[in-house]
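Peer 1: Pasting a structure below so you can have a look.
Each value in this text was obtained by applying a stated rule to the coordinates, not by laboratory testing. The shown structure was predicted, so the numbers you read here are calculated from the model rather than taken from an experiment. Glycine also receives a Cβ, built like all others from the backbone with ideal geometry; neighbour counts cover every protein chain displayed.
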Amino acid sequence: MKYFLLIILWTLPIFSSPRWIQNYSFVKDLKISNYKDTNSFGKFDLDEDIYRSFYDFDLRISYNGKPIPYIRRIKQRVDGRSGKLNPIVIFEKSTDEGTNYVLEIPPLPSNSRLENLELKANDFFETSAKVYLGNEIDQWKLEKNAFIFKYDNSSDSNNLTLKIDSDYFKYIRIETEYKDSIQFKSINYGPKDMVSHIEYKELVPENKINGDTQSSQYYFNNETAKPFQIVRLQFKETDYSRNFSIYAMDEEKEYKFLSSGTLLRIKKSPYDYSEIYLDKTISTPWKLEIFDQDSNPLQLSSVQLYQPKEECIFKFPEDYKASDPIKVYYGYKYASLPSYDTSGFPENSNQTLASLLVLEQKMNPDKSWSLFEPPISIWITRALFFFGLLVTILLGYKILLNWSRSSEPNAN
């Protein structure tokens, strides 16, 4: 009877509040700043507290104890300017198949990208075209197959537009099946959608040479648990190619392999750094190992860490009241990836959404352990398994013992 009461007391919190809430260690309230009755969707940024303490799949949004469907996406910011430039036709040649053009594009303002190319032709025509981009005359990348035409004298048809939609390239090559000349009026450019980042400056630790592996090893304590997913390294050398490995400390205080690759830079590179992109966010101590082989060790001069910012988009419940808080729960190692129907969610970042701020992190007051949830359920399952195995062994031993006794010849 007392064991039955113990089980009841242990699982009592399950019935006092929504069961799923009690699995999570941390909670944050969301403060709404610009909600209107016309807003169907809201958004908020994931902050450093969440990155430090969640397990990627365990983020849950709740209103009045009920989970709210959401999507996560990389937060982008519009940066750069819009405008027009005049492309320079540096090559034009007609063949039996059509006419080919090579255009040189003047440099764009910082953080701008190519959007479209405005064309003009005197006669009616239609033609298929192949569009190539490149930074060298002899190195082309096929960007798209296009179809351009002029059917009448309307203003829309006189100002033909060929979409480019690409980052900046110095040259554009256009191969057409139209033999008459096409004029290229202007190239339009617009701002880039830049990924927002949380940025940290890291101190460069002492280089520890490992003679057995012929490598340089750098240990980063990460005492403030900075979350990051991108590592930017600067070296005093301007020309190098070295293999590397990155390790992250696990819960057992051991360095576990995380990623490997090649650090590569050439003298004419426009960037004076190398970047390492990790598959997941880490916020623990970590180790960088650079394999020098028989070469002199590289001189690491600067380390910067970046965490791409993410935002959550969620749909307001039909019974939502601005006076009632929306909460974010996280910190449950055994949570699985949620599967929501998000077919009606906004597809781009330009749509106006209600903005919410995440407030300070709190320990979840409803946190409790249950026999029916991990990790306790895991240990109970293991205990029952080994108990059943032990019982099976004992019963088998007893059966074999009785069989051996019954098979002995009767003593005279």
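Peer 1: Using helices alone, what [θ] at 222 nm do you get for the chain, with -39,500 (n - 2.57) per DSSP H run of 4 or more residues, divided over all residues and rounded to the nearest 500?
Peer 2: Only helices count here, giving -4000 deg cm²/dmol.
Peer 1: Something else: Can you tell me the 0 to 90 degree angle between the C-alpha axis of helix 376-406 and the longest principal axis of the chain, rounded to 10?
Peer 2: 50 degrees
Peer 1: Hey, got a sec? Which chymotrypsin sites (Phe, Trp or Tyr not before Pro) in segment 270-346 land in a DSSP loop and have at most 11 other Cβ atoms within 10 Å?
Peer 2: Tyr271
Peer 1: Also: Here is the link list: Lys226/Lys253; Lys28/Lys309; Lys75/Lys170; Lys43/Lys327; Lys66/Lys333. Which ones come out longer than 23 Å on Cα distance?
Peer 2: Check vs 23 Å cut-off fails for Lys75/Lys170.
Peer 1: Which residues does the label zone of Thr238 cover in segment 255-276, counting backbone N under 16 Å from a point 7 Å along Cα→Cβ?
Peer 2: 265-274
Peer 1: Give me, ordered by chain and number, the residues 5 or more places off His197 or on other chains with an amide H under 5 Å from its own placed amide H.
Peer 2: Under 5 Å from the amide H of His197: Lys309.
Peer 1: Still on this structure: Please compute the contact order of the chain in relative form: average sequence separation of alpha-carbon pairs under 8 Å and at least six residues apart, divided by the residue count, as a percent.
Peer 2: It rounds to 29 percent for the chain.
Peer 1: Out of segment 79-157, which trypsin sites (Lys or Arg not before Pro) are coil in DSSP terms and have no more than 14 other C-beta atoms within 10 Å?
Peer 2: When the trypsin sites (Lys or Arg not before Pro) of segment 79-157 are filtered for loop state and at most 14 Cβ neighbours within 10 Å, Arg81 remain.
Peer 1: Ok, one more. Would you give the gap between the C-alpha center of segment 50-83 and the C-alpha center of segment 298-350, rounded to a whole Å?
Peer 2: If we compute the Cα centre of each part, the gap is 2 Å.
Peer 1: Further question: Quick check: residue separation of Phe385 and Tyr255 times 0.36 nm, minus the Cα distance between them. What number comes out in nm?
Peer 2: Separation in residues times 0.36 nm, less the Cα-Cα distance, equals 43.6 nm.
Peer 1: Moving on to the next point. Tell me which GluC sites (Glu not before Pro) from segment 253-343 have a DSSP coil assignment and no more than 12 other beta carbons within 10 Å of their own.
Peer 2: When the GluC sites (Glu not before Pro) of segment 253-343 are filtered for loop state and at most 12 Cβ neighbours within 10 Å, Glu254, Glu318 remain.
Peer 1: Give, rounded to the nearest 20 debye, the magnitude of the charge dipole that the chain has about its Cα centre when Lys and Arg contribute +1 at Cβ and Asp and Glu contribute -1 at Cβ.
Peer 2: The calculated dipole for the chain is roughly 1260 debye.
Peer 1: Name all residues of segment 236-275 having a backbone nitrogen under 15 Å from the label point set 7 Å from the Cα of Asn296 along its Cα→Cβ direction, giving them as ranges.
Peer 2: 236-241
Peer 1: Also: Using only the alpha-carbon atoms, how far is helix 2-11 inclined from the longest principal axis of the chain? Give it as 0 to 90 degrees, nearest 10.
Peer 2: With rounding to tens, the tilt is 10 degrees.
Peer 1: If you count, for each residue, the other Cβ atoms within 10 Å and average over each peptide, how do 203-212, 359-368 line up from highest to lowest?
Peer 2: 359-368, 203-212
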